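See below for the structure under consideration.
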Amino acid sequence: MDSFEIGKSSLSTFTRSKVNGWEKTVNSYGVFVLRRSQTEVLAYSNVCTHLGCRVNWQSDKQQYVCPCHDGRFNINGQVVSGPPPRPLDAYETRVTDGILSIHFLEG
Ligand code: FES
């Protein structure tokens with residue numbers, strides 16, 4: 001948690017491996033983490049809910065912006081403008097001994 005500044009959204013990335021018999025696939029994912037206070041933290045998928053492009057955080061506008069069709073989401077992941085039909089997907093979070101865990105659901 002110490003690496004996340006309060007009030008700022010930041011992108012964290014991770015990989016997930018799946019083994020299916022002799023085949024192994026490794027995928028990369030991104031999650032925007034927003035630490036709202038010492039104890040409250042939110043995590044959003046960086047995948048746009050329109051057609052699945054990756055959104056970017058623009059701190060000057062305090063918005064997540066999708067470069068594909070200019071979809072925009074506010075800091076809480078809610079749609080501000082453009083074609084996205086719903087907010088960014090939010091993940092359950094848990095903090096244990098200062099370590100942030102998310103309940104990741106592959107969409
Ligand atoms: S894919 Fe994001 S606005 Fe279309």
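Look at the dipole of the chain built from charges on Cβ: of VAL65, PHE4, GLY98, the Cα furthest out on the positive end belongs to VAL65. For the chain, the solvent-accessible area of protein heavy atoms averages 64 Å² per residue (probe radius 1.4 Å; ligands and nucleic acids excluded). Overall, the accessible surface of the chain at a probe of 1.4 angstrom is composed of carbon and sulfur to the extent of 48 percent.
Taking amide H atoms as placed 1.01 Å from N in the peptide plane, the amide H of VAL41 lies under 5 Å from those of ARG36, each 5 or more residues away in sequence or on another chain. In a reduced charge model with +1 at each Lys and Arg Cβ and -1 at each Asp and Glu Cβ, the chain shows a dipole moment near 160 debye about its Cα centre.
The values are calculated or read from the model by the stated rules, or taken from the named source; none is laboratory data. No experiment lies behind these values; they were computed from the predicted model shown. Every residue, glycine as well, gets a Cβ built from its backbone with ideal geometry; the counts of neighbours run over all protein chains shown. When the accessible area is computed, the model is the full protein with side chains, heavy atoms only, and any ligands, DNA or RNA have been set aside. Shrake-Rupley method; radii C 1.70, N 1.55, O 1.52, S 1.80 Å.
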